[in-house]
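**Q** First, the structure itself, so that you have it in front of you.
The values are calculated or read from the model by the stated rules, or taken from the named source; none is laboratory data. Computed from a predicted structure; not experimentally measured. Don't worry about glycine lacking a Cβ; one is built from the backbone with ideal geometry, like all the others, and counts go over all protein chains shown. Side chains included, ligands, DNA and RNA excluded: accessible areas come from the protein's heavy atoms. Shrake-Rupley method; radii C 1.70, N 1.55, O 1.52, S 1.80 Å.
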Amino acid sequence: MIIVSEDEDDSDSNPFLFLRQPVHDSILNINHDYRYLRMGYYVSAHAETFGVDVTPSCAEIMDAYRNPLLIEKARRNGMLTGDYRLLVSPQGELRLPVLLFAVNPFTNNSMKVVNSGEKLPGMIKKMSYDARFPVSLHPLTGEVLEIIQIFGESTNEETSEFTKKFFEIFNIPICKLVVQIDDDGIILNHCEPAMKKEVDWDIVHDKVHEIKKKRYENSLLCRGIQFQG
Amino acid sequence: MKIACFVEAYNFKDSSERSALLRFKSTAESMGHAFEFIFKDKISKIQNYDALFIRAVTDPSNSAYIVSRLAEQYGLRVIDDPHSIRTCSNKVILHDIFMKNNIPAPKSSLFTGDYSGEALDDMRKTLGFPVVIKTPYTRFSSHVEKANNEEEFIKISRHMLRKTRVLVLQEYIHSNFDWRVGMLRNEVLYSCKYCIPEGGWKVKSKINGRNVWGDTIAVSRDSISTELKETCIRLSECVGDGLYGLDVKETDGGYKVIEINDNPSIYEGYEDAVDKDIHERIINALVS
Ligand SMILES: Nc1ncnc2c1ncn2[C@@H]1O[C@H](COP(=O)(O)OP(=O)(O)OP(=O)(O)O)[C@@H](O)[C@H]1O
């Protein structure tokens, strides 16, 4: 497995070099931001063109970052999700308070909490760019937390089982999750890129070393040399 | 079967596009299927259908991708499927696919902003001038420019790099028209010539400050050369088995593929002017 990263010094390659070369091995693509049209996305796309396994794949990236796809996938895999609605303009009876997430190509860090029925139509209009893009509405039922997920580990101890499960399902090495904690448990609402400064790079570093160690041991085993200690 | 056709309001503005959409509907109905137009506010109802046909502009970052992926996951037959959208919408990914599969195409390279003398020399030697510069996300020729010399290249590319970290550079290939070959399930569905308007170099060119489209001349799919057909089949197979429109230049040195589009334009009286069965074939692909 080859580790490609712009962020992690001990990676095997950086994205700029990687994109210019053919790929023959499976790829672990480590980035705090896998958004479409960013380097993190291109690394996965390049690996896919060469038919090798890549973590995360482009489909996995899109499934995590596009809110309705995230929620549907989480549901199918038994994670708790809110009763979300996708709207282009204010319609029908809308439960309050509510969390709003933009589902457009431009907005990152889009969470808005709306408590008042008066403000809701204006906010939907704004976030939908006047009905051009959908907005995802999630009922607000618990305490809202933003957590950073790194290879299944969480920056918040209370949610460590949850992030483990998230990583198993979504296969995104680093991301920010918006969740709510209420009496039923931890509800997944949103996933977006983490900011570089929000990531605990020591965890990433340890992970990279673990993978490299395993890779080295395997190569010794392949050459018939028993690994000692 | 119940077919959903995902559209946006703009799909009904041009009368020949509107007529084509209505032709799809009447064709499906005459074949015994229900055909309903759905808009983005009904994305979450997609599981109520058996097949999805997308006519709204596709891109991984717009609503069409969401409906395509949801439909795929609910087990619907989908044109355009998410994999084809992800692949065809991005010129950097296409560049990769062309290289990997030895698709005959203009010489091309990726550019990430290295303006050193060595890099510019290298570019001049391999691609020469004029050079064509494209952003990954261009469509309808909107972010495709031609630089006639190094000065123009630096100016245009610097401007484009403000919005993207990678550009695709290509040798310029002069032609009076692009072949447009429509593919469905890796077979040729229709073919036409998209002509370059006089005074321009793209099918949609800005001439005296005005956008001008060249003429479309439909050509029977049976009459195109075997070489063109085989080139198109080979590239189509590299992407998937959906509905694609390939743009190809005919040169003295053989055919050179410019791009493969998912979601190709189908306007009444244009692409369907000679091969009249394209609506029926597409509906068939959605229901069988
Ligand atoms: N290397 C090239 N040499 C000459 N002309 C080119 C070259 N690449 C693209 N063009 C012309 O520029 C126009 C747009 O190019 P291209 O198809 O790559 O971009 P696009 O924005 O995806 O276009 P569209 O959506 O209209 O198909 C086409 O008319 C094509 O013939």
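**Q** Pull up region B:139-156, narrow it to residues that are within 14 Å of the ligand (Cβ to nearest atom) and polar (S, T, N, Q), then point me to the one that is farthest from B:S265 (Cα to Cα).
**A** B:N148
**Q** Pairs only if they're at least six apart or on different chains, beta carbon under 6 angstrom, first in region A:136-163 and surrounded by fewer than 22 Cβ atoms within 10 Å (Cβ to Cβ), second modelled with pLDDT under 95 and among the aromatic types (F, W, Y); list them, first residue then second.
**A** Close Cβ pairs satisfying both conditions: none exist.
**Q** Which of the residues that make up region A:97-110 are in a loop (DSSP other than H, G, I, E, B) and open to solvent by less than 70 Å² (accessible area, probe 1.4 Å)?
**A** A:P97, A:V103, A:N104, A:P105, A:T107, A:N108, A:S110
**Q** A follow-up question, please. Would you mind telling me which numbered condition in (1) open to solvent by less than 60 Å² (accessible area, probe 1.4 Å); (2) part of a loop (DSSP other than H, G, I, E, B); (3) not assigned by TED's automatic domain parsing to the domain that holds A:G117 A:L94 fails?
**A** It fails just one condition, (3).
**Q** Separate question: Output the residue which, of all residues in region B:157-207 that are assigned to a strand (DSSP E or B) and among the small types (G, A, S), is nearest to the ligand (Cβ to nearest atom).
**A** Going through the qualifying residues, I end up with B:S205.
**Q** Could you please find all residues in region B:105-138 being touching a strand residue (DSSP E or B) at 6+ places or on another chain (Cβ under 9 Å), in a loop (DSSP other than H, G, I, E, B) and surrounded by 17 or more Cβ atoms within 10 Å (Cβ to Cβ)?
**A** B:A105, B:P106, B:L127, B:P130, B:T135, B:P136, B:T138
**Q** Same structure again: Of everything in region B:208-221 that's at pLDDT 95 or above and charged (D, E, K, R), which residue is nearest to the ligand (Cβ to nearest atom)?
**A** B:D215
**Q** Let me ask something additional. Just give me the residues in region B:82-102 being surrounded by fewer than 22 Cβ atoms within 10 Å (Cβ to Cβ), touching a residue at least 12 places away in the same chain (Cβ under 8 Å) and not in a helix (DSSP H, G or I), in sequence order.
**A** B:N101
**Q** Looking only at residues in region B:39-55 that are under 29 Å from B:P136 (Cα atoms) and within 12 Å of chain A (Cβ to nearest Cβ), which one is modelled with the highest pLDDT?
**A** Applying the filter and picking the extreme gives B:F39.
Let's see how each residue does on (1) assigned to a helix (DSSP H, G or I); (2) open to solvent by less than 20 Å² (accessible area, probe 1.4 Å); (3) more than 30 Å from A:L100 (Cβ to Cβ); (4) not assigned by TED's automatic domain parsing to the domain that holds A:I187:
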site	(1), (2), (3), (4)
A:D10	no, no, yes, yes
A:R20	no, no, yes, yes
A:V23	no, yes, yes, yes
A:Y41	yes, yes, no, yes
A:H46	yes, yes, yes, yes
A:R75	yes, no, no, no
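**Q** Let me ask something additional. Just to verify a result, which residue in region B:226-274, among those that are acidic (D, E) and free of Cβ contacts under 8 Å to residues at least 60 places away in the same chain, is nearest to B:F12 (Cα to Cα)?
**A** Among those that are acidic (D, E) and free of Cβ contacts under 8 Å to residues at least 60 places away in the same chain, it is B:D241.
**Q** Take A:M62 and decide whether it is open to solvent by less than 10 Å² (accessible area, probe 1.4 Å) and modelled with pLDDT under 95.
**A** So A:M62 fails the test.
**Q** Now for a different question. Report the residue count in region B:202-220 for those that are in contact with a strand residue (DSSP E or B) (Cβ under 9 Å, 6 or more places away or on another chain), free of Cβ contacts under 8 Å to residues at least 40 places away in the same chain and over 10 Å from B:C192 (Cβ atoms).
**A** Of the residues in that region, 5 qualify.
**Q** Looking at region A:125-140, which of the residues that are part of a loop (DSSP other than H, G, I, E, B) and hydroxyl-bearing (S, T, Y) is nearest to A:I181 (Cα to Cα)?
**A** A:S128
**Q** While we're on this one: Residues in region B:247-267: is at least one more than 16 Å from the ligand (Cβ to nearest atom), surrounded by 16 or more Cβ atoms within 10 Å (Cβ to Cβ) and assigned to a loop (DSSP other than H, G, I, E, B)?
**A** no
**Q** Please verify whether B:R69 is closer than 19 Å to A:E60 by Cα, at the interface with another protein chain (Cβ under 10 Å from one of its Cβ atoms) and more than 16 Å from the ligand (Cβ to nearest atom), treating the condition exactly as stated.
**A** For B:R69, the condition - closer than 19 Å to A:E60 by Cα, at the interface with another protein chain (Cβ under 10 Å from one of its Cβ atoms) and more than 16 Å from the ligand (Cβ to nearest atom) - is met.
**Q** Here is a further query. Take region A:77-91 and flag every residue that is within 11 Å of another protein chain (Cβ to nearest Cβ), in contact with a strand residue (DSSP E or B) (Cβ under 8 Å, 6 or more places away or on another chain) and open to solvent by 30 Å² or more (accessible area, probe 1.4 Å).
**A** The answer is A:R85, and nothing else.
**Q** Looking for whichever is touching a Phe, Trp or Tyr at 6+ places or on another chain (Cβ under 7 Å) and open to solvent by 20 Å² or more (accessible area, probe 1.4 Å) here; the options are A:I186, A:I169. Which one fits?
**A** A:I186
**Q** Mind counting the residues in region B:208-246 that are open to solvent by 40 Å² or more (accessible area, probe 1.4 Å), in a helix (DSSP H, G or I) and not hydroxyl-bearing (S, T, Y)?
**A** So the count comes out to 8.
**Q** So is B:S108 at pLDDT 95 or above and within 13 Å of the ligand (Cβ to nearest atom) or not?
**A** Yes: the conditions hold for B:S108.
**Q** Suppose the filter is without any contact (Cβ under 8 Å) to a residue 40 or more places away in the chain and of a type in the set (S, T, N, Q); does B:S223 pass it?
**A** yes
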